[in-house]
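*Asks:* I'd like to ask you about the structure that follows.
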Amino acid sequence: MSDERISAKVKNVQSSAIRELLKHSKMPGVISLGGGIPNPDLFDREGLQMAMDKVLSASWKEAFQYGLSEGSPELRDAICQLSAQRQISCTIDEVVITSGSQQSLDMLARVLINPGDVIVVERPTYLAALQVFQLAEARLASVGTDGEGMKVDELEELVKSTPIKAVYVVPTFGNPGGVTLSDERRKQLVALSKRYNFVIIEDDPYSEINFTNKQFKPLTAWAKEIDNSENVIYTSTFSKILAPGARVGWVIAPEWIKRQIVTLKQATDLHTSSLSQSLTYHYLQTGRLPAQLNMIRASYKEKCDTLCGLIESELGEHLTFHRPQGGMFLWAKFKYEKNTTDWLKETLAKGVVYVPGEFFYADNPDSSTLRMSYVSVTEENLKEAVARLKASL
Ligand SMILES: Cc1ncc(COP(=O)(O)O)c(C=O)c1O
């Protein structure tokens, strides 16, 4: 059937390369370093069961009923308490529950972007954010990153000559780069947003998956200190700390944006699933989240250390990488010219997949980069995967 009836806007959006790849990763015998999903073996089945029992006994009518577009007040209140631990002070009026951060990004794009508006992203950046901004018909510009995250000096040069609407950033244990924006640059970025009056979209799914003792203060908290809260929006999610299948995330936004998000939410899906919100709320009430997070951190850190060690010892002459301090991803780059999309065909033949780096760029892709996720792979398979990568070089 002709695809002429599909809108130009949708036709322009590229299908996620990662989803295509996941097809290969399901083939028998293939070890996947490709997926970006949490390790399901660590889901807190017992805690979820306790929460679900509570939902079905104590609040089953609310759980199966329509709810408020901004989300359940009790869950929003619990999110304010969680936010305080992340150094963000907010009230429930600033919080909107979404069906995951992906929906937060989509709604923010639709609230903020007129076709042609410039949105600045990191190089590399989260692939599905690129899709969202393309769909909103933004003009994308990108700024390089190094071991301290986004190069804010480079951003400053850009904003001096080009009016921009917003900067999208994953400042803590980013996807795909695994890097964290330094405190200096956080302050610099927030000050720049105040001076040039652009919005910052702070996407924070990973800050709790911290392998260090240092807590990284969110941009949202820095913004409050310099009276720039009007320009900074924060989004986070329960996907990486509880369960992505629940599809519960949230936005903390200033009133001028929050109002519009609630209206858009009504038009999009009325509200996030009452059942999922109730499950999440009752899970938080069990008090099991801190122990659960400790377990996730310890497991992911161990796997991350293993993979880093293996790459150093086995692939050190070929690859450089930034050692992640948290999160789920290791980003590596060949020391010489090597197209990782082409190489994937060879590694697939040897039974291992990763995600070629070029898909994570809005422009000027570096095709000698790749993203590896370690969280769902056993120690034994990490060793085997690296041996296979080595064998295909
Ligand atoms: C940086 C980033 N933002 C947003 C999301 C979407 O998460 P959610 O499951 O909350 O929609 C992801 C998921 O991988 C992510 O890596």
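*Asks:* Of all residues being assigned to a loop (DSSP other than H, G, I, E, B), away from the ligand (no atom under 16 Å from the Cβ) and at pLDDT 95 or above in region 193-213, which is farthest from residue 326 (Cα to Cα)? Just the residue, please. Even if it seems obvious, please write down each step before you answer.
*Replies:* Taking region 193-213 as the starting set, the residues that turn out to be assigned to a loop (DSSP other than H, G, I, E, B) are 197-198, 204-209, 211-213.
Right, trim to away from the ligand (no atom under 16 Å from the Cβ) and you get 197-198, 211-213.
Checking which are at pLDDT 95 or above leaves us with 197-198, 211-212.
Details: 197: 31, 198: 28, 211: 5, 212: 7 Å.
Among them, the one singled out is 197.
*Asks:* I've got another one for you. Does region 105-127 hold any residues that are in a helix (DSSP H, G or I) and either free of Cβ contacts under 8 Å to residues at least 60 places away in the same chain or within 11 Å of the ligand (Cβ to nearest atom) (or both), and which are they?
*Replies:* 105, 106, 109, 127
*Asks:* Oh, and also: Which ones in region 339-393 are more than 27 Å from the chain's Cα centre (by Cα) and farther than 21 Å from residue 28 by Cα?
*Replies:* Residue satisfying the conditions is 393 alone.
*Asks:* Restricting attention to region 224-282, which residues are among the basic types (Lys, Arg), over 20 Å from residue 168 (Cα atoms) and in contact (Cβ under 8 Å) with a residue 40 or more places away in the chain?
*Replies:* Result: 247, 265.
*Asks:* Out of curiosity, is residue 235 surrounded by 16 or more Cβ atoms within 10 Å (Cβ to Cβ), within 16 Å of the ligand (Cβ to nearest atom) and not in a helix (DSSP H, G or I)?
*Replies:* For residue 235, the condition - surrounded by 16 or more Cβ atoms within 10 Å (Cβ to Cβ), within 16 Å of the ligand (Cβ to nearest atom) and not in a helix (DSSP H, G or I) - is met.
*Asks:* Right, another one. Of these, 300, 283, which one is touching a helix residue (DSSP H, G or I) at 6+ places or on another chain (Cβ under 8 Å) and in a helix (DSSP H, G or I)?
*Replies:* 283
*Asks:* Determine if region 301-309 includes at least one residue that is under 17 Å from residue 204 (Cβ atoms) and without any contact (Cβ under 8 Å) to a residue 60 or more places away in the chain.
*Replies:* First pass over region 301-309, keeping only residues under 17 Å from residue 204 (Cβ atoms): none.
Taking every residue of region 301-309 in turn, none turns out to be under 17 Å from residue 204 (Cβ atoms) and without any contact (Cβ under 8 Å) to a residue 60 or more places away in the chain.
*Asks:* Quick check: anything in region 158-170 closer than 22 Å to residue 297 by Cα and within 18 Å of the chain's Cα centre (by Cα)?
*Replies:* Applying the first criterion (closer than 22 Å to residue 297 by Cα) to region 158-170 yields 170.
Still in the list and also within 18 Å of the chain's Cα centre (by Cα): 170.
Yes.
*Asks:* Would you confirm whether any residue within region 216-226 is within 17 Å of the chain's Cα centre (by Cα) and near the ligand (Cβ under 9 Å from one of its atoms)?
*Replies:* No, that holds for no residue.
The values are calculated or read from the model by the stated rules, or taken from the named source; none is laboratory data. Note that the structure is predicted; figures quoted are calculated from it, not measured. Don't worry about glycine lacking a Cβ; one is built from the backbone with ideal geometry, like all the others, and counts go over all protein chains shown.
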